[in-house]
1. Out of (1) out of contact with any Ser or Thr (no Cβ under 6 Å at 6 or more places or on another chain); (2) under 15 Å from ASN24 (Cα atoms); (3) surrounded by 13 or more Cβ atoms within 10 Å (Cβ to Cβ), the odd one out for LEU69 is which?
2. Determine whether ASP75 is open to solvent by less than 80 Å² (accessible area, probe 1.4 Å), more than 14 Å from the chain's Cα centre (by Cα) and without any contact (Cβ under 8 Å) to a residue 12 or more places away in the chain.
3. What are the residues in the range 20-43 that are open to solvent by less than 60 Å² (accessible area, probe 1.4 Å), polar (S, T, N, Q) and under 11 Å from the mean Cα position of the chain (by Cα), if any?
4. If a residue has to be of a type in the set (S, T, N, Q), open to solvent by 30 Å² or more (accessible area, probe 1.4 Å) and within 10 Å of ALA23 (Cβ to Cβ) to count, how many in the range 44-66 make the cut?
5. In the set ALA91, ALA8, which member is modelled with pLDDT under 95, buried (at least 19 other Cβ atoms within 10 Å of the Cβ) and not polar (S, T, N, Q)?
Amino acid sequence: MAPAASAATAPAGAPAAQVKPDANPNSCISTPTQWGYAATTTRIIICNTTAVAAFVNAENAFVACVPALAATIKDVNDRNYDVLTSACFLAAYG
């Protein structure tokens, strides 16, 4: 058998990220915005990453999201965990 015949075919490209059908990254972004938090690039990435990760494991995605969003708020006294938890819940569970 020729060497080329036994070589594995390289994938054409990475598969598109799948978002869990009921995950809602847009609500994750808009919830903190309604409470006065800016829709920063970092927060948008966290919400979108949470929605994608929820496709694999929603609970782990949710648990990772809350401290990630909290870390984007420098002043500890300005962190409203009710808002952040709600945003992450929407991103992970819809």
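1. Failed condition: (2).
2. yes
3. The answer is ASN24, and nothing else.
4. Step one: filter the range 44-66 for residues of a type in the set (S, T, N, Q), giving 48-50, 57, 60.
Keeping just the survivors that are open to solvent by 30 Å² or more (accessible area, probe 1.4 Å) gives 48-49, 57, 60.
Those left that are additionally within 10 Å of ALA23 (Cβ to Cβ): 48.
Final tally of qualifying residues: 1.
5. Criteria check complete, one pass: ALA91.
The values are calculated or read from the model by the stated rules, or taken from the named source; none is laboratory data. Remember, predicted model here, so these are calculated numbers, not experimental data. As a convention, Cβ positions derive from the backbone with ideal geometry for all residues, glycine included, and neighbour counts pool all protein chains shown. Ligands, DNA and RNA are stripped out before the accessible areas are found, and what is left, the full protein with its side chains, is counted by its heavy atoms. Shrake-Rupley method; radii C 1.70, N 1.55, O 1.52, S 1.80 Å.
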